[in-house]
Every structure is written in C-alpha cells, then in structure tokens.
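Each remark here refers to the structure printed beneath this line.
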Amino acid sequence: MAMKIHSLVKFQQPIDRKSTPLICNLQSLVYLDLSSNNLVGMIPSCLGSFSRSLHILRLAGNKLIGVVMEYLGCQYFHYMVAIDLSCNKISGEIPDIMGSLNRLVLLNLSNNMFTGSIPLSLGKLSNLEALDLSTNSLSGEIP
C-alpha cells in the first residue's frame, strides 16, 4: 500500500541513495523539494514514475549529473507546474519535449552544464511565467 503523503519538503539531514526508493514509493506527492540535500549522481529514474499528483519538483543545489531530460518526457511530467533543477551539473541538450509540458509556470534549469540551442518548443509554453536558463552553455535566442 502506498503512503498518502502530499508534500515532502527538505529533510533535516542530507539524504543518500538508500533513501530514494522510499521517496519514489510516495505516489500521492504533490510537492517534492529535495533541494540542497547533497544528492549525488544521476537523478533517480523512478522520478519519471510518479503519478499525476506530482506538480512541483525542486532538486536545486545538489550534485546531480548526467542527462536528465529523458524523465521529463514521461507522461506524468505533463502535469508539472514547476520544475527547478538549478545549481547541479546536469548536461546535454534541452529536448523539444519540454515544449509539451504546457502546464509549466516555472522552469529553472540555471547553473548547470546544458549545451546546444534553446529549443523553439519552449515558446509554446503559454502558462510559463518564469524561465531561467542562465549560466549554461546554451546558444541562440529565447523563443
């Protein structure tokens, strides 16, 4: 039976990889904030399996690496309202699939290692109020 926790905001102590399966089993989460929790390595793949309930994801200020954007294409991420992955070491290109997350109000990918051009699809995000792509190695104009 899945736990019915709706918010999980910052642990008092930094969490480790052993804690991520517990977090990933919280299928009723609406708001997940693990910012500044000393998370190291790849973003846990189970984040792409959250139910439609997850609307806000904050993983800022950790030590996450790799290409994360494959999880954002997951069908459940289409319900996201805010995504903050700033201040990590996430790399690769920002994929066009980001333009289909049409409920997004906030997208913060700043202070990472993203490369390539800013996808034109971001211009389709009609609800977007805040976009921060600063301090990456991106080129081109903001759509």
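Please treat every number below as a calculation from the coordinates, not as lab data. Small disclaimer: the values here were computed from a predicted structure and weren't measured. Cβ: placed from backbone, ideal geometry, glycine included. Neighbour counts: every protein chain shown.
Structure data summary
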{"quantity": "Subset of the range 92-143 [under 15 Å from the mean Cα position of the chain (by Cα), under 16 Å from residue 60 (Cβ atoms) and of a type outside the set (A, V, I, L, M)]", "calculated": "108, 110, 111, 112, 114, 132"}
{"quantity": "Scan of the range 98-127 for residues that are of a type in the set (A, V, I, L, M, F, W, C) and not in a helix (DSSP H, G or I), ordered by number", "calculated": "101, 104, 105, 106, 107, 109, 113, 114, 118, 125"}
{"quantity": "Cβ-Cβ under 9 Å pairs, at least 6 apart or on other chains, the range 114-143 side among the β-branched types (Val, Ile, Thr), far side loosely packed, with under 12 Cβ neighbours inside 10 Å", "calculated": "115/137; 115/139; 118/139; 118/140; 118/141; 118/142"}
{"quantity": "Criterion: buried (at least 19 other Cβ atoms within 10 Å of the Cβ) and either at negative phi or touching a Lys or Arg at 6+ places or on another chain (Cβ under 7 Å) (or both) - qualifying residue of 127, 108", "calculated": "108"}
